[in-house]
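The values are calculated or read from the model by the stated rules, or taken from the named source; none is laboratory data. The structure displayed is predicted, hence computed values, not measured ones. FYI the Cβ positions are ideal-geometry reconstructions off the backbone, even for glycines, and counts take in every protein chain you see. Protein only, heavy atoms only, side chains kept; ligands, DNA and RNA dropped before computing areas. Shrake-Rupley method; radii C 1.70, N 1.55, O 1.52, S 1.80 Å.
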Amino acid sequence: MGLHRFRPPLSGRMGTLRTLGSIRGAALIEYGCMGHMLYSRVFLNQAGVADGCRLYSTHIDETDISMGDTKRLNRTIAEIVEKDKPEIIFFLPSSVPTVIGTDLNAICKELQPEYPDIPLLPFGAGGFHVHGYEGVEEALLLLAKELPKEREKTTRPSFNIIGSCADMFRFQSDAEEMVRILKEAFGIDPVCVMTSHTSASQVMDMGGAHINIVVRREGEKAAKYLEKRFGTPYVIGRPYGIEGTLSWIANISNILGVEADHDFVNQEANRARNHLRPAMPVLNHMIRSHPAEATISLGGHADIVKGILEYGHKELSLYRGDCWCDSPDMGDEDIPYFLEEEWSKAVKNRKKGIFMGSGEALKWAGKGLELQISNPDVRWRLSPYDPPFVGFHGAIHLAGLWLNALLEQEEEEE
């Protein structure tokens, strides 16, 4: 894992937990050491997940490790089934069982006949070598493969959102904005918002949707599987900015074969433009007169960094600063992956301009936490109703944040 001044990168195990932890009606058992699940529950509480998956840990000791004894896991399952009566039980190994080779898949197959009405679903990603977003991707794919049942398409057109998970900052607000737009633009309702606001039964009903909305690249494998099994088409992308949101709606319209409500779409776009119009002369003046300050630097998930950068640069003419992603698997020439040493150096060296990143990085750099777009966080986020970053509402919110950040820099210089 190496030494880190800040919190280490998200592990595959934590990515899996943050994907499954918000699913209501489910229980998750970690076969691991004392304290792991306590930390996970604290994170989910801080992220605003109030009524999600029930989390348990078996705890393991020296005897379990040296003798390979898994009876403790069997007893835990029986107790949870009797106490909570979950619709499904997820299983996750911690690093120690992964290293010693505990076969959770075999254990679940052996125990499944004892619980015919409750699927026992094991996950991997417990080892040190698996990155956090790989855990998210595996979890989304396994959910899509194992839980959905054969369903007729809903009578009214409907959709699933795939990839709205608790590892992303402000995930609930962004999902709500997308749901709002889809409902009003196309008159369609969500079957499942996987996994920020969903239940085990809703995941089982995913096959009844008419389209899948994939909001991060880790969800594409799940969408491809659902397309193959149920014939459900999908669109991938996050709607940032006014023009970006219009393009997102147009893509969905083309795939659905349904015209969007032009009155709603035009009204929303014009309202956003009207909100921005009084600020544009000030913003344009800052961009022309203070180009060093009118730069935007971003660090976080590659899809979020790319989307916000395109809005700020293409629609509002902000200059590009240092931009990076937090996953080695997602880095490319456009949005490279930065190690801790690299991103901390970039933040330290760029004295002027707007920086949006994790709460941890913003606090260390002495920046305002209102510019946070990624985790790790340093605050509790109890409300799921904070302003989004995506959609028409998100376009107004981001522009306001940037304008005020530029004005504050100008005041400091004076």
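Need the failing condition index for Ile335 against (1) closer than 20 Å to Ala166 by Cα; (2) touching a Lys or Arg at 6+ places or on another chain (Cβ under 8 Å); (3) open to solvent by less than 30 Å² (accessible area, probe 1.4 Å), just the number.
(1)
For segment 321-337, which positions are closer than 30 Å to Val282 by Cα and in contact with a Ser or Thr (Cβ under 7 Å, 6 or more places away or on another chain)?
Hits for segment 321-337 are Gly321, Asp322, Cys323.
When you scan segment 218-271, how many residues do you find that are more than 22 Å from Met206 (Cβ to Cβ), crowded, with 16+ Cβ neighbours inside 10 Å and without any contact (Cβ under 8 Å) to a residue 40 or more places away in the chain?
Number satisfying all stated conditions: 1.
Of all residues in segment 281-305, count the ones that are part of a strand (DSSP E or B) and among the aliphatic types (A, V, I, L, M). If you could, list the steps in order and put the result at the bottom.
Of segment 281-305, the ones part of a strand (DSSP E or B) are 295-300.
Subsequent filtering for residues that are among the aliphatic types (A, V, I, L, M) retains 296, 298.
So the count comes out to 2.
So, of the residues in segment 339-382 that are surrounded by fewer than 20 Cβ atoms within 10 Å (Cβ to Cβ) and touching a Lys or Arg at 6+ places or on another chain (Cβ under 6 Å), which turns out to be farthest from Arg18 (Cα to Cα)?
Step by step, filter segment 339-382, then rank; the result is Val378.
When you scan segment 376-414, how many residues do you find that are without any contact (Cβ under 8 Å) to a residue 60 or more places away in the chain and hydrophobic (A, V, I, L, M, F, W, C)?
Matching residues across segment 376-414 total 3.
If you take the residues of segment 17-56 that are of a type in the set (Val, Ile, Thr) and in a helix (DSSP H, G or I), which of them is farthest from the chain's Cα centre (by Cα)?
Val42
Just to be sure, is Gly312 open to solvent by less than 10 Å² (accessible area, probe 1.4 Å), touching a residue at least 40 places away in the same chain (Cβ under 8 Å) and not in a strand (DSSP E or B)?
yes
Looking only at helices (runs of 4 or more DSSP H) that fall completely inside segment 122-208, which ones have 3 or more residues that are more than 27 Å from Asn254 (Cα to Cα) and out of contact with any strand residue (DSSP E or B) (no Cβ under 8 Å at 6 or more places or on another chain)?
Counting at least 3 such residues, we get 132-146.
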